[in-house]
Amino acid sequence: MPPILSVAAATKRYKSGLVALDHVDLEIQRGEIFALLGPNGAGKTTLISLVCGTVSITSGTITVDGHDIATDYRAARAKIGLVPQEVAVDIFATVFGTVSFSRGLFGRAPNPAYIEQLLRDLSLWDKRDSKIIELSGGMKRRVMIAKALSHEPDLLFLDEPTAGVDVNLRRDMWALVRKLREKGTTIILTTHYIEEAEEMADRVGVIDHGRVLLVEEKAALMRKLGKRRLTLALQEPMEAVPAALAAWPLTLEQDGSQLVYTFDAEAEDTGMPSLLRRMGELGIDYRDLDTSRSSLEDIFVTLVERPA
C-alpha cells in the first residue's frame, strides 16, 4: 500500500539565505502514529507548513494520498487536519458554530451528528453554545482539535498539541489519538513531552538543523541506540576511578559515592559480570546496585548533541 504522505528532497530556503529544511525525505504509512522530535528551530513546524501548503516549497515534492501539494493543492489539503501551536479562532463565535463552519470550508456537507460526537469526545458538548472568548485556554485548545477533525481528515498533524495544557486535556487528547488511529486516521505529532511520544508512537523521526537524522520504529530505535546503566552505591566514596578498572567506561557520581557503568544491553558480552568480579578482586565493596534502560529522551539528546 502506498504511503499516505511522501516527502522527497523537500527544501525550504528563505531569501535571507536561511535553509529551514534541507533535502528532507520522509514517508508516512497509513494508520500509524509518527512522532517527529527535534529542538526548537529544528524544522518541525516548517515541514508541517510545507505539507499543509501554508509555506511554499523551494524544491522537492510532497504528495498526500497521491495528490501533489503544489499542483493539486485543494485535493491534498482536504486530506489533512492541522492543530497548530497557536490558538486561531473567531473569539466571538460559538463552539458549535466554529467547528461546523470549519467543516464547511472543506466542502463537506453538514453533519450535526458527527459534530456532536466530536464535541462529546473532546468534552466540549456542554460548551457548544459558549463563545470562544468565554473559554479557558485548555478549552480553546480542545476547540482547535475539533476544528482540525471537523472535515474527517485522513492525516492529522498535531503540532505541540499538549504544550501548556492541563493534565486532564492531555489525558483526553491521547485517548482521542488512540481512538482516531483505531478508525484508520494517520497521526503525525511534534512534541516536547518525549515520554508521550515514547508511549504513543509507532515510529519516531528526529530532525535537527533542517535535516532528518533518522527515522526508525520506536522499539528498534531503542534496541539499537538504547543503553543500560548499572549504578553501584559504594561502601566508601572514591576520588577517582581506579586505574585497574580502566577497561570499563566508568564514571563517578554523587561526590564519588556512586560508580556508574553504561553498556550496550544487546551486546553478547555486556562486561558487567567481569566488572563485578574485578571489583571483588580489588576489594571494592558496594551496598546496592541498580540497572536502568535508556529512555527515548536519552536517545534523542544523544542524537541532537552529535557534531554535524
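Nothing in this text is a laboratory measurement; each read-out follows from the coordinates by a stated rule. Please read all numbers here as calculations on a predicted model, not as lab measurements. Note that we place each Cβ from the backbone using ideal geometry, even for glycine, and neighbour counts take in every protein chain shown.
Ranked for footprinting exposure by Cβ neighbours inside 10 Å, fewest first, Asp208, Asp264 give Asp264, Asp208. Determine which residues of the stretch 10-48 fall in the zone a paramagnetic label at His209 would reach in this model, i.e. backbone nitrogen under 19 Å from the point 7 Å along Cα→Cβ. 10-14, 17-25, 37-47, by backbone N distance to the label point. Here the Karplus relation 6.51 cos²θ - 1.76 cosθ + 1.60, evaluated at θ = phi - 60°, turns the backbone of the stretch 155-160 into coupling constants of 10, 10, 9, 10, 8, 6 Hz, with x for every Gly and Pro. When only the Cβ of Lys, Arg, Asp and Glu is charged (+1, +1, -1, -1), the dipole of the chain relative to its Cα centre reaches about 1320 debye. Our note on the geometry: Cα centres of the stretch 2-18 and the stretch 228-253, 47 Å apart.
If I stretch the segment between Glu32 and Phe101 completely, what's the gain in nm (0.36 nm per residue apart, minus their alpha carbon distance), one decimal? If you can, show how the numbers build up before the last one.
Values: separation 69, 0.36 × 69 = 24.84 nm, distance 2.84 nm.
Between Glu32 and Phe101, full extension yields an extra 22.0 nm.
Less than 5 angstrom separates the built amide H of Leu82 from those of Phe157, all sequence-distant by 5 or more or on a different chain.
Over 28 Å between Cα atoms: which of Lys140/Lys183; Lys183/Lys227; Lys79/Lys140; Lys183/Lys218; Lys44/Lys218 fall into that group? Pairs exceeding the cut-off: Lys183/Lys227. Roughly how far apart, in whole Å, are the Cα centres of the stretch 31-73 and the stretch 138-160? Result: 17 Å between the Cα centres.
Find the relative contact order for the stretch 237-285 and round it to a whole percent, using C-alpha pairs within less than 8 Å whose residues are 6+ positions apart.
Values: 37 pairs, mean separation 14.0, N = 49.
The value is 29 percent.
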